[in-house]
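To start, the structure itself, in structure tokens.
The values are calculated or read from the model by the stated rules, or taken from the named source; none is laboratory data. Computed from a predicted model, the values in this text were never measured in an experiment. Every residue, glycine among them, receives a Cβ derived from its backbone with ideal geometry; neighbour counts consider all protein chains shown.
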Ligand SMILES: [Zn+2]
């Protein structure tokens, strides 16, 4: 197992757990190639299903250049291995961990490379050696690496509709506003997507978070990108109306209105 010999696996606490889980699955013959129902799926893990629990899409691997295949299989096994070692909890945090681990592993594979101890699979006429990805391979991992460098992997994930639909909930947003560099480090599009989920609650608690998110914007370009994803302005106005009577919030709303030249309430929250 290539990952086992990587430095990535040796750093942090998750590596040994992932390796143990993958060996476990291998021994039980629960890792294998299988065509997924949706052809875009590259790999998946589902505990206890009739076929392999951990599956790799053979057409995805076949479509890659020869020299990238082993690394691709290994990267997928690590991603799904994280899911397997965490168990099913149906949270975006699992996906973040799986992505983070595979991005870190990708960094090593496309940087110094990883020593292939067993020369596995054996390649006739070739000695075992370093598995190293050519620069620029796996463009989505390269992109995620850049997001991770800025602590914005969560923004990358919420750029994907299926994850938004499944995981982006008002309470989740509030609970995680301070993470990954705080609200100031979210992409403007993510801020807009947060507002779009918070506004229809018409709840002052969530409306206050909308104001905090808006206050974190520093440029016209970012404001426009945020508002383009924030849903109906009228819904936002109705949500912010719930803050009527809150002097501190009222002042912030007035400041935002002046700064960005936009009506954020239907009524003047204070005078
Ligand atoms: Zn995943």
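Brief remarks on what is shown
- Taking the criterion of being within 11 Å of the ligand (Cβ to nearest atom) and either in contact (Cβ under 8 Å) with a residue 24 or more places away in the chain or more than 23 Å from residue 9 (Cα to Cα) (or both), the residues of region 86-95 that qualify are 92, 95.
- Residue 98 within 13 Å of the ligand (Cβ to nearest atom) and in contact with a helix residue (DSSP H, G or I) (Cβ under 9 Å, 6 or more places away or on another chain): yes
- Flag for residue 135 being more than 20 Å from residue 91 (Cα to Cα) and either at pLDDT 95 or above or in contact with a strand residue (DSSP E or B) (Cβ under 9 Å, 6 or more places away or on another chain) (or both): no
- Scan of region 106-130 for residues that are modelled with pLDDT of 90 or more, closer than 19 Å to residue 61 by Cβ and touching a strand residue (DSSP E or B) at 6+ places or on another chain (Cβ under 8 Å), ordered by number: 109, 114
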